[in-house]
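The values are calculated or read from the model by the stated rules, or taken from the named source; none is laboratory data. Source: prediction; values computed, not measured. No Cβ is skipped: glycine too gets one built from the backbone with ideal geometry, and neighbour counts run over all protein chains shown. These area figures cover heavy atoms from the full protein model, side chains too; ligands, DNA and RNA do not enter into them. Shrake-Rupley method; radii C 1.70, N 1.55, O 1.52, S 1.80 Å.
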Amino acid sequence: MEKEKFLKRMFQEYYKNQFKKLDMSLKIDQREFGFLLWDNLSFQRHKSFKNFKELTQNLLKSGPKHVYFSGAYYEIPEALKMNQKFWIGCDFIADIDADHLPSKCKWEHDSFKCKNCGFSAKGPPPKTCKCGNTTFDQNTWVCDTCLELAKNETLKIFENFLIPDLNVDPNDIKIKFSGHRGYHIKIQSKEFLNLSQDARRELVDYLTGIGIDFKVLGLYEGRKKIVYGPNLDEKGWRGRITNYAFKFIEQLTYENMKLFKTLSTPLKKKIIEKKPSILENLTKIPSNWNIVPGISLSHWQEILNLAIKKYSPKLDIPVSIDVHRLIRLDNSLHGKTGLKADPIPIKKFKDYDPLKDAIVFKGKIELIMKKCPEFRFGDTLYGPYSEGKKEALSLAAGIYALCKNMASLPKN
Ligand SMILES: [Zn+2]
Ligand SMILES: [Zn+2]
């Protein structure tokens, strides 16, 4: 318990001295708040605060492990039942987390242990353990590769979809580091406020390309098996898939024709031979997708499926659809890292470095380390550490190691 007490005290100090005033546009008086505390395992929700001062007073008193607030606005956010809160509207939220991304490093630095039978292994936990149990203790690690993957997915959403396709004003797009392994995008705008769950699902389907119908996008087989397709300069998915198809053909070599493996050798050779004219035809308006006998509608569909896979952002879908969901509060501390859930101006996003920019604690600390891999914090590399040795770390890195259960406080 000593460790939790120490972390609580550090978090309290942050809320006392460094917690920055929240943006007025957040309208905190209309939000429902939820907390997880260091010394109480049950989740506390249905809380509300009249203003920033009241919220801050609560935070510096409790120094919570995690603080959440609703994406929704309510007339009575503290009401205990959803239908008594009087829902006003909800921001549109996209949650991108390395937990949902296919990073290979997760199989190296993450591990889990079944809460029932104790079976443990590296990587993310399975849905169901061999013993039938579905709950696990998880050890997740924050690494640059995971963070970079999450960043790229986040960029995809606002650069490829929200701004060009949906015409969202960049000023209405709020991006935030989650404090752990991902980012949140929030659209705070009237146009999105009153969307129903169904409308949000449709929007998510559009972003992720779920259930996309290539015929609707303009790819189809007409009379005499002639294939028609969309043009390169069209907006949205139409242009995106056509550009992908163009690049796909451009990079095609005779050795690299996996997709066309069922074709005869002369046909394959012909495709390569005709590459320049295939590409030229794709740039025409209307474009001509029916160039070489052998490339059929189903080939094009396979190529376009690759385009969907490449361009669709991998987001945590239920978060975007649920209009009552709580998400981490801006500028609050994450209890798994001690890092700040940091709002990032859209122009600074590309250069944002969470393991530097979201650090709040300054100073040094000595800890008894557990066996732990090397990690970066700020400009410093720490570890790898061996079991039981006393080490000096920056306070921020030390708090991270404590939060990750990779260290303990020296006894004295
Ligand atoms: Zn088990
Ligand atoms: Zn990683």
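General remarks:
- Amide hydrogen neighbours beyond the local backbone of HIS66, cut-off 5 Å, H modeled: LEU36
- Taking Lys and Arg as +1 and Asp and Glu as -1, the other residues whose beta-carbon sits under 15 Å from that of SER408 total +3.
- For the chain, carbon and sulfur atoms together expose 51% of the accessible surface, with a 1.4 angstrom probe and every protein chain in place.
- Look at the alpha carbon pairs under 8 Å that are at least 6 residues apart: their mean separation over the length of segment 361-412 gives a relative contact order of 46 percent.
- Among the listed pairs LYS247/LYS284; LYS186/LYS310; LYS106/LYS247; LYS81/LYS340; LYS104/LYS130, those beyond 27 Å (Cα-Cα): LYS106/LYS247; LYS81/LYS340
- Taking other residues whose beta carbon is less than 14 angstrom from the beta carbon of TYR206, and scoring Lys, Arg as +1 and Asp, Glu as -1, yields +1.
- Compactness relative to 2.2 N^0.38 Å, alpha carbon Rg of segment 361-412: 0.99
- Segment 307-357 and segment 358-408: distance between their alpha carbon centers, rounded to Å: 24
- Set of aspartates and glutamates with alpha-carbon distance to LYS268 below 19 Å, sequence-local pairs under 8 removed: GLU250, GLU255, GLU280, GLU302
- Helices of the chain meeting both criteria, an alpha-carbon length of 24 angstrom or more along the long axis and an average Kyte-Doolittle score not below -1.0, with helices taken as full DSSP H segments, do not occur.
- Pairwise Cα inverse-distance average, inverted: Kirkwood Rh of the chain (Å): 24.3
- Helix-only CD estimate at 222 nm, as mean residue ellipticity for the chain, using -39500 (n - 2.57) per DSSP H run (n ≥ 4): -9000 deg cm²/dmol
- One chain, two ends: ASN305 and SER42. Fully extended at 0.36 nm per residue, the span grows by 90.3 nm beyond their Cα-Cα distance.
- Gap separating the Cα centres of segment 23-69 and segment 105-172, nearest whole Å: 25
- Look at the dipole of the chain built from charges on Cβ: of TYR352, GLN44, TYR382, the Cα furthest out on the positive end belongs to TYR382.
- Percent of Cα-Cα distances greater than 17 Å, calculated over segment 279-412: 73
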